[in-house]
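Colleague: Take this structure, written in structure tokens, and hold onto it; I'll ask about it next.
The values are calculated or read from the model by the stated rules, or taken from the named source; none is laboratory data. Predicted, not measured: the structure shown is a model, and the values here were computed from it. For neighbour counting, all protein chains shown are included, and Cβ atoms are generated from backbone atoms with ideal geometry for every residue, glycine included. These accessible areas exclude ligands, DNA and RNA; they are computed on the full protein's heavy atoms, side chains included. Shrake-Rupley method; radii C 1.70, N 1.55, O 1.52, S 1.80 Å.
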Amino acid sequence: MTALSLPSLATDLSKAQPELQITGGRRLEGELRVDGAKNSALVLMAACLLTRDQIRLRNVPPLTDIVGMGEMLQSLGGQVSREANSLVLDGSGIHSTTAPYELVNSLRASFFCIGPLLARMGMAKVPLPGGCKIGTRPVEEHVKGLKALGAQVTIEHGVVTAVVPGRGQRLRGGRIYFDCPSVGATETLMMAAVLAEGETVMANAAQEPEVADLAGLLIAMGARIRGAGTQTITITGVERLHGADYAVIPDRIEAGTLLLAAAITRSRLRVTPVITDHLGAVLTKLEAAGCRLEHDGVGMTIEASDIQAVDLRTQPFPAFPTDLQAPFMSLLATARGTSVVTENIFENRMQHVAELQRMGAAIRLQSNIAFIEGVAQLSGAPVQGTDLRASAAMVLAGLAAEGVTSVRGLEYLDRGYAGLEHKLASVGACIQRIGGGPAPAERDLLTQGSSAA
Ligand code: UD1
């Protein structure tokens, strides 16, 4: 009896889960557009809590994570509406300083709210975001920095409560040294320090382009910031910030993924816009693998034929980004020779290895180091994306594999790539979404003009 019921359960489950079906082996040709950066847009949205005035953010990608951050701002009393590619954010009605657990739990980035809420409202209560699939992801650097700015911080029952002592007082500038250059901590503390009294100096700060983008918005709002994008950031606090109209930078991780789509299919594509400074290490590794790259001032044309093995180690910017480690590994699985990939940022970011092995990749994993012996041909298989970038890696592998690959775990993919299957199909890939209705990003676009960003 049990033996009979198991297959029918499996059939039911497979019906319920949407998947991408890819028939590999097609050459790609044409041009692909890169959306605005998810990781920038999320933190820029949180920055709207710093002012009562309206902020217009342009070039915001239609992603489920953006919808989640919109819900977080709305739960605090903010208003968020989408107009085509722009979000209009209004923080005049903020009435709550408590972030709901469910929202922080489903979107880690909503922890960003702690910095601006504390700076403007004098208090913030935000649940600890906890770990995620790729690692434990602590927030002690954020907490240490808030204390250095004069906040009293307690952590009880899984909730971080930060308070500026004394009624009507502001945070005060201070010296912050990061033991590790955390992107999230640097951004959280920048948003806290812009409204503090006096000067804040952050040493060993994260230098990622998204940090510089946040500084760009804050400066447009009237903040005084020097050095964002370098290891030392100096902020002179101001009493208030005002509204702004600001365009988010292009998504360097999406750009890298699309360039890799060309490389893994041995094709020629133009990907635009690409800011070369944002992708330096990735472009260098693509060239070392044998790709020809040409930047025309806006977009990057990539042409690939023979791909050689290359070694890479993930490190904070400007070194090779952890977010492109899994997608690049798919390419290396098809290269000539043996590559060594070392993951130094997140302790559990090698889960795609087992899935690539199921597609015929020859990879040996020793803790955080993968030894990848390129094979002549990957073979299509049902695979599971285990996190956002691992899902993208599966899609890339599917483009190159012989036969049909079905990629599950689209709830991850949809967090960071808007309409990836449509983009790839437009340049010749054979890829379609099966089950589950339209992608969430498309549903989000359908709600244009409503307040549900
Ligand atoms: C951001 C990005 C994420 C990217 C990551 C690293 C967003 C929304 N997400 O995540 O896509 O993969 O940067 O480039 O922008 N750490 C500590 N203590 C802390 C904070 C961090 O030890 O208090 C460690 C982390 O465990 C990790 C490393 O620092 O090993 C980098 O983490 P961090 O830069 O904070 O990543 P996020 O900001 O969470």
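Colleague: Can you tell me how many residues in the stretch 161-184 are in contact with a strand residue (DSSP E or B) (Cβ under 9 Å, 6 or more places away or on another chain) and either within 15 Å of Ala119 (Cβ to Cβ) or open to solvent by 10 Å² or more (accessible area, probe 1.4 Å) (or both)?
Modeller: Counting residues in the stretch 161-184 that are in contact with a strand residue (DSSP E or B) (Cβ under 9 Å, 6 or more places away or on another chain) and either within 15 Å of Ala119 (Cβ to Cβ) or open to solvent by 10 Å² or more (accessible area, probe 1.4 Å) (or both) gives 14.
Colleague: Residue check: is Phe317 assigned to a loop (DSSP other than H, G, I, E, B) and in the same structural domain as Asp387 (by TED's automatic domain parsing)?
Modeller: Spelling it out, Phe317 is indeed assigned to a loop (DSSP other than H, G, I, E, B) and in the same structural domain as Asp387 (by TED's automatic domain parsing).
Colleague: Could we say that Lys133 is without any contact (Cβ under 8 Å) to a residue 12 or more places away in the chain and among the charged types (D, E, K, R) here?
Modeller: no
Colleague: Just checking, which of Ala151, Ala99 is of a type in the set (Gly, Ala, Ser) and within 24 Å of Asp213 (Cβ to Cβ)?
Modeller: Of the residues listed, the single one that is of a type in the set (Gly, Ala, Ser) and within 24 Å of Asp213 (Cβ to Cβ) is Ala99.
Colleague: Separate question: Answer with yes or no whether Ala425 is without any contact (Cβ under 8 Å) to a residue 40 or more places away in the chain and either buried (at least 22 other Cβ atoms within 10 Å of the Cβ) or over 22 Å from Leu312 (Cα atoms) (or both).
Modeller: Taking the combined requirement at face value, the residue satisfies it.
Colleague: Restricting the first residue to the stretch 172-196 and requiring it to be under 16 Å from Thr236 (Cα atoms) and not assigned by TED's automatic domain parsing to the domain that holds Phe317, which pairs with a second residue that is β-branched (Val, Ile, Thr) and within 11 Å of the ligand (Cβ to nearest atom) meet a Cβ separation below 7 Å and a spacing of at least six or different chains?
Modeller: Once the first residue is under 16 Å from Thr236 (Cα atoms) and not assigned by TED's automatic domain parsing to the domain that holds Phe317 and sits in the stretch 172-196, its partners that are β-branched (Val, Ile, Thr) and within 11 Å of the ligand (Cβ to nearest atom) give Thr186/Val211; Glu187/Val43; Glu187/Val211.
Colleague: If you check Arg58 against the conditions, is it among the charged types (D, E, K, R) and out of contact with any strand residue (DSSP E or B) (no Cβ under 8 Å at 6 or more places or on another chain)?
Modeller: no
Colleague: Under 9 Å between Cβ atoms, which residue pairs at least 6 apart in sequence (or on different chains) link something in the stretch 282-307 that is in the same structural domain as Phe328 (by TED's automatic domain parsing) with a partner that is among the aromatic types (Phe, Trp, Tyr)?
Modeller: Val282/Phe320; Val282/Phe328; Thr284/Phe320; Lys285/Phe320; Lys285/Phe328; Leu286/Phe328; Ala289/Phe328
Colleague: Residues in the stretch 214-255 that are within 15 Å of the ligand (Cβ to nearest atom) and either hydrophobic (A, V, I, L, M, F, W, C) or over 20 Å from Val60 (Cβ atoms) (or both): how many?
Modeller: 11
Colleague: Can you tell me which residue within the stretch 428-448, out of those that are of a type in the set (Gly, Ala, Ser) and either touching a Gly at 6+ places or on another chain (Cβ under 8 Å) or open to solvent by 60 Å² or more (accessible area, probe 1.4 Å) (or both), is modelled with the lowest pLDDT?
Modeller: In this case the residue turns out to be Ala441.
Colleague: Can I ask one more? Between residues in the stretch 334-361 that are of a type in the set (Lys, Arg) and residues that are in a loop (DSSP other than H, G, I, E, B) and surrounded by 21 or more Cβ atoms within 10 Å (Cβ to Cβ), which pairs lie under 6 Å by C-beta distance while being six or more apart or on different chains?
Modeller: Qualifying pairs under 6 Å: Arg349/Ile134; Arg349/Glu343.
Colleague: Can you name every residue in the stretch 274-297 that is polar (S, T, N, Q) and more than 20 Å from Gly374 (Cβ to Cβ)?
Modeller: Within the stretch 274-297, Thr276 is the sole residue that qualifies.
Colleague: Could you please let me know if Pro61 is under 23 Å from Arg389 (Cβ atoms), within 16 Å of the ligand (Cβ to nearest atom) and at pLDDT below 95?
Modeller: Answer is no for this residue.
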